[in-house]
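Remarks on the structure that follows.
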Amino acid sequence: FPFHIIHRREIAVRLHPLSARAWLAGAVALFSVSLASGAQAACADLAKFPLKDGKVTSATTLAAGAPIALPGIPITLPAPTGFCRVTLTLTPTPDSSILAEVWLPDASAWNEKFLGSGNGGFGGTVAGPALDMRMALTRGYATAGDDLGHETPFPKIDASWAIGHPEKVKDFAYRADHVTAVAAKAIIKAYYGKGPKLSYFRGCSNGGHEAMMEAIRYPDDYDGIIAGAPANSWTHLMAAFLWNEQALTATPDSRIPDAKLALVQNAILAQCDEKDGVKDGIINEPAACRFDPKTLLCKSGDGPDCLTKAQLDALDKIYGAPVFGFTGPP
C-alpha cells in the first residue's frame with residue numbers, strides 16, 4: 001500500500017481537562033492523590049478511573065501468552081507480553097456508544113510512546129485495530145483502538161447502523177478516534193504517572209481515512225500520523241465498489257475465481273513491474289501500466305491458466321473504470 005506521512009510535530013502532550021464537577025462526582029481518593037503527585041496507579045484501580053463522556057468498563061492484567069478474547073470474532077490471540085487491558089465505552093453524544101480499548105505494557109517495558117491504531121471497512125469491532133495494537137505492545141508502546149461507534153460482528157459488512165443516526169455517522173467518520181485518543185492519554189498518565197512523550201496514529205484503508213481525519217480535524221492529538229492507502233473519497237470509492245460488483249455479477253459466469261487472482265496479478269507484474277527500472281514485485285506507478293486483459297483469454301475452453309470470455313469481460317470492465325452518464329428523457 002502507498003503510505004503518506006501527513007503530520008509531524010514535536011509538541012507537549014496535554015491531558016484533556018476534566019471539569020471539577022465531573023472529577024468530584026466520579027473520582028476516588030486514590031486518583032485524586034495519584035494524579036496530583038504523579039504516582040502510578042495499579043491496573044485494577046483503572047476500573048474506577050473517571051472519564052468525561054464515558055466510563056471504564058474493565059481493567060484486567062494479562063500475562064504473556066494469555067488468550068486475548070476480542071469482541072465480534074470467534075478467535076483469540078495470545079498476549080505477546082504482560083499488559084494491562086482497559087476497556088471503555090465512550091459517549092460524546094446521547095446516541096454515541098464507542099467501544100474502545102487501551103493496552104498498557106508493564107512500566108519497565110514502556111517506551112514512553114503512544115500509538116493509536118485505525119480500524120478497517122465500516123469498523124464494528126475493536127478486533128479491527130487489535131492486530132496492530134498487539135504488534136505495538138511488542139515494541140513497548142501503550143496503544144489504543146476503537147470500533148468506530150457501532151458493533152458489527154466480523155466478517156459481516158453492514159451499514160444499517162447509520163440509518164437515522166447522524167451522530168453515529170459522525171462517530172464513524174471522525175469523532176471516535178479523537179475521543180479515544182483523549183481518553184487513552186488520560187489513562188496512560190494515570191497508569192504510569194506521566195503522559196507519553198510522543199504520540200502516533202497509524203491506519204490503512206479506512207484506517208488511512210481515519211488518519212486523514214485526525215490530521216485535518218484534531219492535529220493536536222498526535223505528533224506523527226501515517227495514512228496508508230487512505231479511503232478518503234467515499235463517494236468515488238463506493239461508486240467504484242458498486243461498478244466492480246456489477247461487473248463480477250453481470251452473468252453467472254462473470255465472477256473470477258479466487259484461484260485465478262494470482263494469474264491476473266502475475267500477468268500484470270510481468271508487463272509493468274520493471275517500468276520503474278527495478279524488478280521488485282511492486283508497481284510504483286499503476287497509472288503508467290497499460291495492461292491488456294485480453295492476453296489472458298482462454299484459447300480453447302476454461303483452464304487454470306486463462307480467463308473465459310465472461311471472466312475477461314468482467315476484468316476488462318473493472319480496468320475500464322466507472323463510466324457515468326445521463327442519456328436524457330426518452
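The values are calculated or read from the model by the stated rules, or taken from the named source; none is laboratory data. Note that the structure is predicted; figures quoted are calculated from it, not measured. A quick note on method: Cβ atoms are made from the backbone with ideal geometry, for glycine too, and the neighbour counts reach across all protein chains shown. Just so you know, the surface numbers come from the protein's heavy atoms only, side chains and all, with ligands and any DNA or RNA stripped out. Shrake-Rupley method; radii C 1.70, N 1.55, O 1.52, S 1.80 Å.
Brief remarks on what is shown
- Chain lengthening between residue 244 and residue 197 when straightened (0.36 nm per residue, less Cα-Cα): 12.4 nm
- Principal axis dimensions, region 199-330 - Cα atoms, whole angstrom, descending: 61, 52, 25
- If you run the Gaussian network model on the chain, springs between alpha carbon atoms under 10 Å, then out of 159, 215, 142 the most flexible one is 159.
- Crossing angle, helix 261-272 versus the chain [Cα axis fit, 0-90 degrees, rounded to tens]: 80
- For the chain, the longest principal axis of the Cα atoms and the long axis of helix 127-138 meet at an angle of about 60 degrees.
- Size-normalised alpha-carbon gyration radius of the chain, reference 2.2 N^0.38 Å: 1.19
- Solvent-accessible area per residue, Å², over the chain with all protein chains present [probe radius 1.4 Å]: 52
- Rounded tilt (10° steps) of 309-320 against the dominant C-alpha axis of the chain: 60
- Summed side-chain charge close to residue 148 - residues other than residue 148 whose Cβ falls under 11 Å, Lys, Arg +1, Asp, Glu -1: -3
- Near the amide H of residue 51, within less than 5 Å, lie the amide hydrogens of 56, all on another chain or at least 5 residues away, with H placed in the peptide plane.
- GNM result for the chain, Cα springs below 10 Å: residue of 299, 197, 170 fluctuating most strongly: 299
- Candidates 61, 235, 125, ranked by Gaussian network fluctuation over the chain, Cα under 10 Å, top entry: 235
- Relative contact order, percent, the chain [alpha-carbon distance under 8 Å, six or more residues apart]: 16
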